[in-house]
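Every number here is computed from the coordinates shown, using simple stated rules; none is lab data. Since the structure is predicted, the reported quantities are computational estimates derived from the model, not experimental observations. Note that each Cβ is placed from the backbone with ideal geometry, even for glycine, and that neighbours are counted across all protein chains shown.
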Amino acid sequence: MLHARFCKGSVTLILVLLICGSALLLAGSCTAAGGEGAGALGADFLQPKRITVMTYNIHFGVGVDFVYDLDRIADLIAEEGADIIGLCEVEQCTKTFDYQDQAGHIAERLGFYYVYGPIFARKDGGYFSNALLSRYPIVSGKTHQLPVLGDNQRRAVLEAQVDVEGVLLNVFVTHLEVKDHESRMVQAQKLLEIASRTESPRIIMGDFNTIPTSSVISLMLHDYNDTYQVYRVLTDSAELVAGGLFERDYLKGGYTIDPYDPNRRIDYIFSSFDIRVVGEPGAARVRHSTASDHLPYIATLELPVAPL
């Protein structure tokens, strides 16, 4: 009987050991598979796409030094590493500039895509336009006329869709009225209405001819971030100190008009709230140049992850 009990106990013990061993092996294999799965998931997880956006009123390619030179504008864009560039005051094949395709010339030098947003026709041929340059394919583009009050110059917004590695980015480039505030307000309202017909993510940029504290900009901020102000909040104070007196002044930073003595900010890049404004040093900046009567404003942004 003792032998029989011993055998039965031994069998029980062996079964327990086998079950425990199997459980350990199973746990180990599950951990290994889980780790491998997590690694695979991490490898497959799409990171937000970082892009550099520039807005630049190029003043027909004529600088404050009275030199007409599109190549230095292209070189500036290349030096700043800009991916998507909204241009204002572009002459599209007009007689004054020997019927040169200005946006096309800059785009060809960069190896970029481009599209025009004609605002009005010149009497002797060609158009006064907005334009968009892009490192990424431009899927479509069209122009919307904006309201004009009185005898003011016609204004428009260029709408374009850019395929940024699977993310369809809606981009709007505009140049608002310079003479009066009422016109700018009406145009900004129409601009927001036009943009609202598209899906996010969206970028609106251009020459708004008004300062950050105006009601026009307040209107824009209902639905969009002012990328420069967000950046200034995010950036490290050490960057401001290192930048010297000009960049250290919070209100003066970002001035885009009068290259010799910048005195106000009237050029903007607005982004929908699903776009992240990068807060790293130098991610948002104004480039000093004499290539135009404006300075270009550049912002580094992160787009939402592309849908699978």
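The figures follow:
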read-out	value
Fully extended contour minus Cα-Cα distance, from residue 153 to residue 108, at 0.36 nm per residue	13.2 nm
Length added when fully stretched, residue 96-residue 263, from 0.36 nm per residue minus Cα-Cα	57.1 nm
12 Å beta-carbon shell around residue 99, net charge (K/R +1, D/E -1)	-2
Label-point gap, in nm, between residue 142 and residue 72 - each point 7 angstrom along Cα→Cβ	3.9
Summed side-chain charge close to residue 74 - residues other than residue 74 whose Cβ falls under 15 Å, Lys, Arg +1, Asp, Glu -1	-4
Local net charge near residue 177, Cβ-Cβ under 13 Å (Lys/Arg +1, Asp/Glu -1)	+1
For the stretch 49-303, the fraction of alpha-carbon pairs in successive 10 Å shells from zero, as %	7, 33, 39, 18, 2, 0
Residues of the stretch 144-162 with amide N under 16 Å of a point placed 7 Å along Cα→Cβ from residue 180	147-155
Sorted by Cβ neighbour density within 10 Å, fewest at the top, the residues 255, 228, 136, 56	136, 255, 228, 56
